[in-house]
Amino acid sequence: MTQFNFDKHTTREGTYSVQYDGTEALFGQTGLAPFWIADMDIQTPEVIRDAIKARLDNGIFGYTMWQNERFYGPIKHWWKTRFNVELDNDNIHYAASVLYTVGEVIRQVTEEGDGVILTTPSYNSFPNLIKGNDRKIVESPLIYDAEVKEYFLDVEGFTKLCEDDSVTLYIHCNPHNPTGKVWSKTELETIKGICQDNNVYLISDEIHMDFVRPKEDFVSMVSLINENDPVLITTGLGKSFNLASLPHSYFLTKDRNITQDINKAMGGTL
């Protein structure tokens, strides 16, 4: 693959770009810089476009099984070469989008009226999902350290929230959106331990994982889970390669019960 040209200009005009055409509808005025959505003005890499073209040339777009090595293989290769994480096929599962997965976990592991923890400030779609499913938003405000210019978890406050029997789910985000915080292994171990001690399910949205530099600084919750842990990681290619318009993601878990429930729900809601 040739080196990517980040300076090449590609117009979004006439493509119904949410980033540009949706700005006026959302904010009620024109001329605003489109920094409100995670989208890029660079083309999807040529090697990906070539693969899509080759698939288009086949000319048939019928029902296709995702349970095959051409789905599992690249995911396993990416995690091994980029993050030194070994994945098994049994732990990898297709989903239409990260937000679909988050919403389905909310529906599967919580009841109406239950509390769902968010570290705030939060990505705006998480509160929408919680309220849309008739659950209660429980805020755990991050602490900003002005000296080191970094956000940290209020461990004591987070623990107290998890100890409340009405709180049954925590939506984690790594790197955190919108602060950009990259969670350390020690912090992740602390969070996972608190959640498990208090029967709080943990879902980790890691859709922005590939933007961490250096890449070795990123630690996925995947590397910390054991068989049947009540933890699920959701991610995909949309942010990394500017493929947001293609409904495709995957989730990683060793929780066999949630895997069965989500796959059953997807089959029943198509």
For the chain, which whole-number percentage of the solvent-accessible area (1.4 Å probe, protein heavy atoms only) is attributable to carbon and sulfur atoms?
52 percent
Of 98, 141, 173, whose Cα points farthest to the positive end of the dipole of the chain (charges on the beta-carbon: +1 Lys, Arg; -1 Asp, Glu; origin at the Cα centre)?
98
Whole number in Å², please: accessible area per residue of the chain, 1.4 Å probe, ligands, DNA and RNA not counted.
58 Å²
Return the percentage of antiparallel bridges among DSSP beta bridges fully within segment 155-270, rounded to the nearest 5 %.
30 percent
The relative contact order of segment 40-135, taking Cα pairs under 8 Å that sit 6 or more residues apart, comes to a percentage of 19 percent
Residue among 252, 223, 237 farthest towards the positive dipole end of segment 222-266, charges placed on Cβ:
237
Too long at a 26 Å Cα-Cα cut-off: which of 8/185; 131/215; 8/239; 53/215; 181/264?
8/185; 131/215; 53/215; 181/264
Gaussian network model of the chain, Cα springs within a sub-10 Å range: biggest mean-square fluctuation belongs to which of 64, 120, 44?
64
Determine the dipole magnitude for the chain: charges of +1 sit on the beta-carbon of Lys and Arg, -1 on that of Asp and Glu, nothing else is charged, the reference point is the Cα centre, and the result goes in debye to the nearest 20.
860 debye
Out of all DSSP beta bridges in the chain, what portion is antiparallel? Express it as a percent rounded to 5.
35 percent
Sketch the reach of a paramagnetic label on residue 144 as a point 7 Å from Cα along Cα-to-Cβ, and name the residues of segment 182-208 whose backbone nitrogen lies under 16 Å away.
182
Treating the angle as unsigned and between 0 and 90°, give the value, to the nearest 10°, between the Cα long axis of helix 46-58 and the longest Cα principal axis of the chain.
70 degrees
Calculated from DSSP H runs of 4 or more alone, at -39500 (n - 2.57) each and per residue, what is the 222 nm mean residue ellipticity of the chain, nearest 500?
-10500 deg cm²/dmol
Can you tell me the orientation of helix 69-83 relative to the chain, as the angle in degrees between its alpha-carbon axis and the longest Cα principal axis, to the nearest 10?
70 degrees
Those residues of segment 236-250 whose amide nitrogen sits under 20 Å from the label point placed on residue 50, 7 Å along Cα→Cβ:
241-243
Looking at the calculated P(r) for the chain, what percent of the C-alpha pair distances fall above 27 Å?
43 percent
For segment 15-160, the charge dipole (Cβ of Lys, Arg +1; Cβ of Asp, Glu -1; about the Cα centre) points to a positive end, and the Cα of 58, 48, 113 closest to that extreme belongs to 58
Would you mind working out the magnitude of the charge dipole of segment 1-77 relative to its Cα centre, with +1 at each Lys and Arg C-beta and -1 at each Asp and Glu C-beta, to the nearest 20 Debye?
340 debye
With +1 assigned to the C-beta of every Lys and Arg and -1 to the C-beta of every Asp and Glu, and no other charges, what is the dipole magnitude of segment 114-195 about the Cα centre in debye, to the nearest 20?
320 debye
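The values are calculated or read from the model by the stated rules, or taken from the named source; none is laboratory data. The structure presented is a predicted model; accordingly, all values stated were derived computationally and were not measured. Glycine gets a Cβ as well: all are built from the backbone with ideal geometry, and neighbour counts include every protein chain shown. Ligands, DNA and RNA are stripped out before the accessible areas are found, and what is left, the full protein with its side chains, is counted by its heavy atoms. Shrake-Rupley method; radii C 1.70, N 1.55, O 1.52, S 1.80 Å.
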